[in-house]
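Asks: Have a look at this one.
The values are calculated or read from the model by the stated rules, or taken from the named source; none is laboratory data. Predicted, not measured: the structure shown is a model, and the values here were computed from it. In this analysis, Cβ positions are derived from the backbone assuming ideal geometry, glycine residues included, and neighbour counts consider all displayed protein chains. These accessible areas exclude ligands, DNA and RNA; they are computed on the full protein's heavy atoms, side chains included. Shrake-Rupley method; radii C 1.70, N 1.55, O 1.52, S 1.80 Å.
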Amino acid sequence: RNHKRIDFRFQPIIMIASACVAALLSAHAAFAFAPVPRGIARRTFFRNPVIAPLAAKVDFDESAERDIGTMNEWAAACTVQRAEGFQLTSEDGRDWSVMTTEPLEAGTPVLSVPNVVILTASKSKYELEQLGDVQVGADLLGRLGAGDQIPQFYLFLKILAEYEKGDQSPWYPWLNSLPRLYFNAASMTNFCFECLPPLVFALARTERIRFDNFYNALQKVDVISERTKSDQELAQWAFNIVCTRSWGTDPKIVPMADMFNHGTETEIVISYDEEDNFIAYVAKDVEAGSPLRMSYGDPTNPSYLFSRYGFLDETSPASFCKIMLNPTPQLVDMGYDHSRMLFYKDTGDISTEVWDVMLYQNLASNRDVQQAFYEAHMQDDAETKGAIHQQYFLETATSLQSHVNSFLTQLDELSEKSYGQDPSEHPRLPLILRHNEFVKTTFLAVKDRLDDMVAQAYA
């Protein structure tokens, strides 16, 4: 995988899915992997004490190649077990993913990773506290309003600490297999930000602030060398690793499992056994030659996936309608949520929540009707709600039509900014333009639907 990982906010979904898959396991599937005796993985993983002089560090230059072959050998030596047919694949040597060359039955385990190989925030915190003061960095994040990011900050420090050990780190082969070139928001140039639509810009700005907070907190700790702390590009590389490859309430990175790509349609669910070893299963029958994918988050919000992970999910069936409002309690009750206010790409359909929210906003000048509409919605009074919708249909449709036309003009203006720019200076720009074009395709489909609706209303 290139630079993508599950967002920890979706962990409950993963846990529920894992519980469901457990019911699917057949006897032969449950014991498909040979059990590894307790302690074997740990002795294998830490069998080389740090006694040799440092020979090499990971080259994190964006042009550096990923060493997948050595990582594969390392994983096998660390008792990582893979189902027959499990294969890492790439078309360009940069973006890697997982596929199966063999058919797999639902419930079959495809990957097992021993807990000693897994990096977790809690273990990282404990290890780092034995070396020095890391709490001062966490305290700064708290004062910056980023207390919820402290667990990932410990993983960020762990990555930097292992980087400093070079090839003496037990994780060196894995680190050397990771992407160097990322396309997420934290990696974008300032000019790239100028080409982003409002929602993506807001999401991207949040990611940039997260990195700035991590980098400032890094300067406070004494467990990382001054040379490393002063290297902003190195810090950004470590930040991208954590933010695109970790998940969970106790954020963790699972080497080899971090190669699973995202999919709107997924084949993989994950679980942990009583010793916190990682196990991935297929949730359905999978044909040979198929990808093995898992979900990184809501597939109807490709802008979030783009800003956080740096890829465009063109299989997404719908996207947020880009109506940017202050989410008051009443608007939230009406359905104002990025995952519900949807425009559908192929059909141009508009979700009910979009119609509801737009009408509610339009009724601001008529408080009595607005309150009646709100109460009908809250009381599931479909008859009253439908009557108000019908009465104000043309006003609602023309408001949506105006929004869509205005946004399409804005997308064209953003794309025009990129003309003549050098992709070598702004390597994320082509992906940004693809994202904007993807959104434009969706909005054009919606425009066609709205134009027909308005024309029929006037007829």
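Asks: Projecting each Cα onto the charge dipole of the chain (Lys/Arg +1, Asp/Glu -1 at the beta carbon, about the Cα centre), which of Thr70, Gly348, His262 comes out farthest on the positive side?
Replies: So the residue we want is Thr70.
Asks: Treating only the Cβ of Lys, Arg, Asp and Glu as charged (+1, +1, -1, -1), what charge dipole size does the range 347-459 show about its Cα centre? Round to the nearest 20 debye.
Replies: Magnitude of the dipole: close to 240 debye.
Asks: Specify the angular offset, from 0 to 90 degrees and rounded to the nearest 10, of the alpha carbon long axis of helix 367-378 from the longest principal axis of the alpha carbons in the chain.
Replies: That works out to roughly 50 degrees.
Asks: Further question on the same structure: Under 25 Å between alpha carbons, and skipping anything fewer than 8 positions from Lys57 in its own chain: which lysines qualify?
Replies: Within the straight-line cut-off, Lys57 pairs with Lys4, Lys123, Lys125, Lys158, Lys165, Lys220, Lys229, Lys252.
Asks: How large is ³J(HN,Hα) for each residue in the range 85-99, as worked out from phi by the Karplus curve 6.51 cos²θ - 1.76 cosθ + 1.60 (θ = phi - 60°), to whole Hz, x for Gly and Pro?
Replies: So the J values, rounded to whole Hz, are x, 5, 9, 7, 9, 8, 9, 10, x, 10, 9, 10, 8, 10, 9.
Asks: Taking amide H positions as placed 1.01 Å from N in the peptide plane, with prolines and chain starts having none, which residues 5 or more places from Leu111, or on another chain, fall under 5 Å of its amide H?
Replies: Correct list: Ala83, Ala280.
Asks: Still on this structure: Quick one: ranking Ile209, Ile150 by accessible area, 1.4 Å probe, largest first, what do you get?
Replies: Ile209, Ile150
Asks: Please name which of Leu331, Tyr458, Phe311 has its Cα lying farthest along the dipole of the chain towards the positive end, using unit charges on Cβ (Lys, Arg +1; Asp, Glu -1) and the Cα centre as origin.
Replies: Of the listed residues, the answer is Phe311.
Asks: Once both axes come from the Cα atoms, what is the angle between helix 232-245 and the longest principal axis of the chain, in degrees from 0 to 90, rounded to 10?
Replies: In the chain, helix 232-245 runs at an angle near 70 degrees to the longest axis.
Asks: Using helices alone, what [θ] at 222 nm do you get for the chain, with -39,500 (n - 2.57) per DSSP H run of 4 or more residues, divided over all residues and rounded to the nearest 500?
Replies: Computed ellipticity for the chain at 222 nm equals -14500 deg cm²/dmol.
Asks: State whether the range 281-366 is rounded, prolate or oblate according to the following rule on the C-alpha gyration tensor (a ≥ b ≥ c being the square roots of its eigenvalues): a/c under 1.5 gives rounded; otherwise a/b larger than b/c gives prolate, and the remaining case gives oblate.
Replies: Prolate shape, in that a/c is at least 1.5 and a/b is the bigger ratio.
Asks: Taking only Cα atoms, what is the 0 to 90° angle, nearest 10, from helix 150-164's long axis to the longest principal axis of the chain?
Replies: 40
Asks: Lys447: which aspartates and glutamates have alpha carbons under 14 Å from its alpha carbon, excluding same-chain residues fewer than 8 sequence positions away?
Replies: Leaving aside aspartates and glutamates fewer than 8 places away in the same chain, those within reach of Lys447 are Asp346, Asp349.
Asks: Return the sequence-ordered ³J(HN,Hα) values of the range 180-196 in whole Hz as given by the Karplus equation 6.51 cos²θ - 1.76 cosθ + 1.60 applied to θ = phi - 60°, using x for Gly and Pro.
Replies: After applying 6.51 cos²θ - 1.76 cosθ + 1.60, I find 9, 9, 10, 10, 6, 4, 5, 9, 6, 6, 4, 5, 4, 4, 5, 9, 9 Hz.
Asks: Assign unit charges at the C-beta atoms only (+1 for Lys and Arg, -1 for Asp and Glu), then state the dipole size of the range 209-303 relative to its Cα centre in Debye, rounded to the nearest 20.
Replies: The calculated dipole for the range 209-303 is roughly 420 debye.
Asks: P(r) for the range 214-359, please, calculated from all Cα pair distances in 10 Å bins and given in %.
Replies: Here the calculated profile for the range 214-359 is 9, 27, 27, 25, 11, 1.
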